[in-house]
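Here's the structure, in structure tokens; my notes come after.
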Amino acid sequence: MNHRAEPGPAELLQGLIDLAGSSGDRPDAVTVGEQSISAAELLDRADRLAGAITGARVMAIRAAAELDTVIAVVAGLRAGVPIVPIAHDSGVVEREHILRDSGADIICGTDDWAEVMLPRVPVNAASSGAPQRVEPAATALIMYTSGTTGAPKGVQIPPRAIAACLDGLADAWQWTPEDHLVHGLPLFHVHGLVLGVLGALRRGCVLTHTGRPTPESYVDAASRGGSLFFGVPTVWSRITGDPASARQLRSARALVSGSAPLPIAVFEQLRDLTGVVPLERYGMTETLITISTRFDGERRPGWVGIPIRGVEAQIRNDDGSIIAHDGSTIGTLEIRGSTVGDGYLGRPDATAESMTSDGWFITGDSAVVDASGMYRIVGRTSVDIIKCGGYKVGAGEVEAAIMEVAGIVEVAVIGMPDDDLGESITAVVVVDGAVDERTIINHVASTLSAHKRPRRVVFIAELPRNALGKVQKNTLAKLIG
Ligand code: MLC
Ligand code: AMP
């Protein structure tokens, strides 16, 4: 593919560049937690850092919710160096895998990862001498995402996919430089980083990252002019659980939910308390955001909308036929279009498996579509993918980590329905001797990442299996209730 005819990584940031050169720039153009910066200063600091990282193969970033993360990401894009954001709460095994698999040769920013031997580049580093001109890499971001088994895979996201996604969403949501985007999502996933940071920098709108996505912080940002708010369903259900806070979001122009299904009750409470009808959108790390309800269209609770500009969707039956647009026949959702990434890094086998022969990406989500072309996600084709607080967690990777704990004989990890988190990671274990719940939880937190830890451990005498010896996870879920 000829990437040179497409936008380069630096061109993703046109809105930031325009804002920096305009009279509309302000000292708090970008705020993360307690720290604010103007667009001009952000560009200046990022460009100094860009000079110091130019020529690196891949730059890892400990992507905490801090201003330094934003500066480092902008620097990576300006220098044309692929960026691999790593969870700030990642454990040793997970980050070792990501660093090795991605081929990162530098880490930007500060971290306390004593075992990591890569050279550190401080965010305030600056190059000495004239800036080098280097052809930018074809990949802007490498984002790691879990599958049903094995370690997370790195999705190669080119600039054109980011541009297509952000421009398609701007069209769907009437997102303009006049907006003031607010959210408090993690900066190592598509939602918080691509939509939540690059979206604002591409549009040139003001960005407030609240540090954490609490009801109080969203209310505070609304009082400072926030107009467009992002959250995962857990964030919205915590806000509706605090009606006084929810009512203070009445000044918002748009409240957007994604990353997991927004329960209909939360949709309705949010609408009733704020007077704003939520927008819901659907996406994946591999495809970026592909389907959304529109600002100027129907916002139907439980439905995720229509494909954004530049994206096509279809639903296929088990027999390979395309299902009818009848609003009730369930099949597997497939996506094609310019937002789809360039596959898994170093995994041509997994990349090929994820695509049909005619170029559709197989999402693994079960969906229906109605006569008007609106889509509803009804579940997943695999029980081994868990969505906990909007984080995707593969049962297989958690099971493998738990098997390392002394005294574990066997384990099955399942997602149990949870009012707060959507699904709660639950480990069902058979043990030999005394093994304590905390030890299991802490082992997962310290090797994989804190957000992948089981919230509950159930001890059982034996796992239910079928005649072929496969663990029956649906039976198990009913058993432990
Ligand atoms: C608790 N903690 C532990 C621990 N127990 N740490 C180590 N060991 C243990 N045993 C710590 C955690 O590290 C964390 O610290 C704190 O306790 C609370 O952790 P939590 O339970 O995970 O936080 P919680 O408040 O429940 O988080 C809810 C949430 C969060 C909604 C804020 O789940 C979240 O941010 N979700 C967003 C996920 C997301 O962005 N997904 C998008 C994927 S992209 P600390 O330091 O952190 O406070 C995608 C595509 C698309 O899906 O469509 O968007
Ligand atoms: P991730 O790998 O973290 O990018 O997660 C992608 C997955 O999140 C999708 O495959 C869906 O299962 C889920 N998802 C994202 N948005 C929605 C939504 N609006 N409704 C239901 N599921 C969603």
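The values are calculated or read from the model by the stated rules, or taken from the named source; none is laboratory data. None of these values were measured; they are calculated from a predicted model. Cβ atoms come from the backbone with ideal geometry, glycine included; neighbour counts cover every protein chain shown. Side chains included, ligands, DNA and RNA excluded: accessible areas come from the protein's heavy atoms. Shrake-Rupley method; radii C 1.70, N 1.55, O 1.52, S 1.80 Å.
Quick notes on this structure:
- Mean-position separation - Cα centroids, segment 206-259 and segment 381-444, in angstrom: 30 Å
- Estimated translational diffusion coefficient (Stokes-Einstein, Kirkwood radius over Cα pairs, 37 °C, 0.692 mPa s) of segment 389-480: 246 µm² per second.
- All Cα pairs of the chain, percent lying beyond 34 Å: 34 percent
- Projecting the Cα positions of F229, V340, S251 onto the charge dipole of the chain (unit charges on Cβ atoms of Lys, Arg, Asp and Glu, taken about the Cα centre) puts S251 furthest along the positive direction.
- Eligible lysines near K153 by straight Cα distance, threshold 17 Å, same-chain separation 8 or greater: K387, K392, K452
- The order of the peptides 268-275, 199-206 by mean Cβ neighbours within 10 Å, most packed first, is 199-206, 268-275.
- Summing Cβ point charges (Lys, Arg +1; Asp, Glu -1) relative to the Cα centre of the chain gives a dipole of roughly 360 debye.
- Looking at segment 9-369, the accessible area is 37 square angstrom per residue; that uses a 1.4 Å probe and ignores ligands, DNA and RNA.
- Percent accessible area from carbon and sulfur atoms, the chain, protein chains only, probe 1.4 Å: 51 percent
- Near-label residues of segment 440-459 by backbone N, under 15 Å of a point 7 Å along Cα→Cβ of D418: 441-442, 444-445, 449-458
- Separation in nanometres of the label points that stand 7 Å from Cα toward Cβ, at D220 and A467: 6.1 nm
- For the chain, adding -39500 (n - 2.57) for each run of n ≥ 4 DSSP H residues and dividing by the number of residues yields -8000 deg cm²/dmol at 222 nm.
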